[in-house]
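*Asks:* For reference, the structure I am asking about is given below.
Read the figures in this text as sums done on the coordinates, not as results from a lab. Predicted model only: the values in this text are computed from it and were never measured. Methodologically, a virtual Cβ is constructed for each residue, glycine included, from the backbone with ideal geometry; neighbour enumeration extends over all protein chains shown.
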Amino acid sequence: MADHEEGYVVPDAQQLLGDFIQSMDYMDREISKLWFGIGDSYVLPLAAIAKIFKISESACRDRISLIEDRLEQVELLWIARKEVKNR
């Protein structure tokens with residue numbers, strides 16, 4: 001008896017992260033890309049991201065915190081943080 005189902009493919013962690021990020025609304029998706037450096041984005045500091053979206057640093061920090069909470073709930077936060085370290 002096989003331990004796995006035939007044809008089952010283990011998903012790539014980065015693909016799962018990318019799919020999850022794509023499911024977010026525009027602002028959260030773009031903030032995530034800039035904060036974590038996902039895709040072709042550079043990793044930017046909080047102040048720069050806040051300036052781009054014309055929101056306060058406090059509002060940006062709150063949004064990033066909520067994004068990180070969502071990523072943690074689906075066990076993808078470690079992948080996002082790893083992206084930052086790899087750059």
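*Asks:* Quote the FRET efficiency, to the nearest 0.05, computed for Met24 versus Arg81 with a Förster distance R0 of 25 Å and r equal to the Cβ-Cβ distance.
*Replies:* Using R0 = 25 Å, I get an efficiency of 0.90.
*Asks:* Using alpha carbons only, how many angstrom separate the centre of the range 30-52 from the centre of the range 12-28?
*Replies:* Comparing the Cα centres of the range 30-52 and the range 12-28, I get a distance of 14 Å.
*Asks:* Ok, one more. According to the square roots a ≥ b ≥ c of the eigenvalues of the Cα gyration tensor, what is the shape class of the range 33-74, taking rounded for a/c under 1.5, prolate for a/b larger than b/c otherwise, and oblate for the remainder?
*Replies:* oblate
*Asks:* Can you return the lysines within cross-link range of Lys82? Criterion is Cα-Cα under 16 Å, with same-chain partners fewer than 8 residues away left out.
*Replies:* By straight Cα distance, Lys82 reaches Lys33.
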